[in-house]
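Reading through the C-alpha cells given below for one structure.
Read the figures in this text as sums done on the coordinates, not as results from a lab. Model, not experiment: these values are computed from the prediction. Neighbour counts run over all protein chains shown; Cβ positions are idealised from the backbone, glycine included.
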Amino acid sequence: MADDDAPRVRVERDGHVLLIGLDRPAKRNAADVRMLQQLALAYGEFARDDKARVAVVHGIGEHFTGGLDLGDIAPRLSGGLDLVPEGGIDPWQLTGQVLDKPVVLAVQGTCLTLGIELILASDIAIAADSTRFGQIEVNRGILPFGGATLRFPRAVGWGDAMRWMLTAELFDAAEAHRIGLVQEVVPHGEQLSRAVQLATRIAEQAPLAVRATLANAKLAVREGAVAASAALPGELARLAATEDAAIGVTAFLTRTAPNYVGR
C-alpha cells in the first residue's frame, strides 16, 4: 500500500485501555494533514467509548514523531488548517471539547515539535532513554502552534521553556525528566509497556472519580482555584451517590478488591 493511501493512526483495545499508535514509521511518524485528522478522530472515538477509560498514545517504529511533514503542511499554513473533522476532538486541546479522560504518552527516538505539544496536552508521559526532544519551529521560520507557547512555561518554568523553544536545540530524556516534561525514563523498548501498565492501574480505579478528578484539575488550570474549589462540593455529592462509591466502601470494609462499573 502506498504511503499516501496507508492509515496514519492505528487504534487497538487492551481491556479498558485504548492504544492509539502513530503509524507512519517510514517517515519517522512525521505528521501530515491526514495523520492529524485521523488522530483527532481517534481521540473522538476514545471520548465516546465508555469502555475505554484511559488512552495510551505511542509511536510505531523507532520514533515517536519527527514533527510536522512540512512538505504537506507548509503550503496550508497561511490559509489555516482544518485538523479536526466531524466526530473528532483536538488532541492538543486548544479548541473544542475538553477531554475528561486520562491520556498517557509513550515516546522514543525522535520527539519533535507537535510531539512535545502532545505531551503537554496529556496527563502522564513515559520516555525511553533513547528519546531526543526538540521544539524547533523557530529554526523553520514559524512558531509553535500546538500549545507549547501556552503550556511549556507553565509545565517546566519560564527559563527552561525559553531555553529550548528559542534555541531550537535538541535535548535528551534525562533533561526532559529534570525539567518535568516527562514523569519517567525507562530503557528503550520498555516505554510502551510501562505506559500501558500505568494506564491499566488508572483504569482499575473508579472511572467516574478519575474523570471528576481530572476535570476539576483542568478547571483549576483554565479558570483558577476559586472556580475549581466552588465546584468541589457538588462533584463530591454527585460521586458519593454513585454505585461505584458504594462499591468502594464495601471493598474497604471487606478488604477486597473493588470492581468498578462506571455508574
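Observations on the model:
- Over the Cα atoms of region 1-131, the radius of gyration divided by the Kirkwood radius equals 0.94; this is the Rg/Rh ratio.
- Normalising the average separation of contacting C-alpha pairs (under 8 angstrom, six or more residues apart) by the number of residues puts the relative contact order of the chain at 15 percent.
- At R0 = 30 Å, FRET efficiency that the Cβ-Cβ distance of Arg201 and Ala237 yields, to 0.05: 0.65
- Phi to ³J(HN,Hα) by Karplus 6.51 cos²θ - 1.76 cosθ + 1.60 over region 70-77, Hz, x for Gly, Pro: 5, x, 8, 7, 3, x, 9, 5
- The convex hull defined by the C-alpha atoms of the chain has an orientation-averaged projected area of 15.2 nm².
- Computed E for Leu81/Ala246 - FRET, C-beta separation, R0 45 angstrom, nearest 0.05: 0.45
- Of the residues Ala227, Ala240, Val210, the one whose Cα sits farthest toward the positive end of the charge dipole of region 207-254, with +1 on the Cβ of Lys and Arg and -1 on the Cβ of Asp and Glu, is Ala227.
- Packing-based order for 102-111, 157-166, 191-200, using average beta carbon neighbours within 10 Å, highest first: 102-111, 191-200, 157-166
- On the principal axes of its alpha carbon atoms, region 1-47 extends 32, 17, 17 Å, with the longest extent given first.
- By average C-beta atoms within 10 angstrom, highest first, the peptides 222-231, 174-183: 174-183, 222-231
- Taking region 172-209 and a reference point 7 angstrom along Cα→Cβ of Asp14, the backbone N atoms nearer than 18 Å belong to 183-205.
- Divide the volume of the convex hull around the Cα atoms of region 207-254 by the residue count and you get 66 Å³ per residue.
- Largest first and in whole Å, the equivalent-ellipsoid semi-axes of region 98-185 read 18, 15, 12, each the square root of five times a Cα gyration tensor eigenvalue.
- Neighbourhood net charge (12 Å Cβ-Cβ; Lys/Arg +1, Asp/Glu -1) for Val186: -2
- Taken over region 142-263, the ratio of Cα radius of gyration to 2.2 N^0.38 Å equals 1.41.
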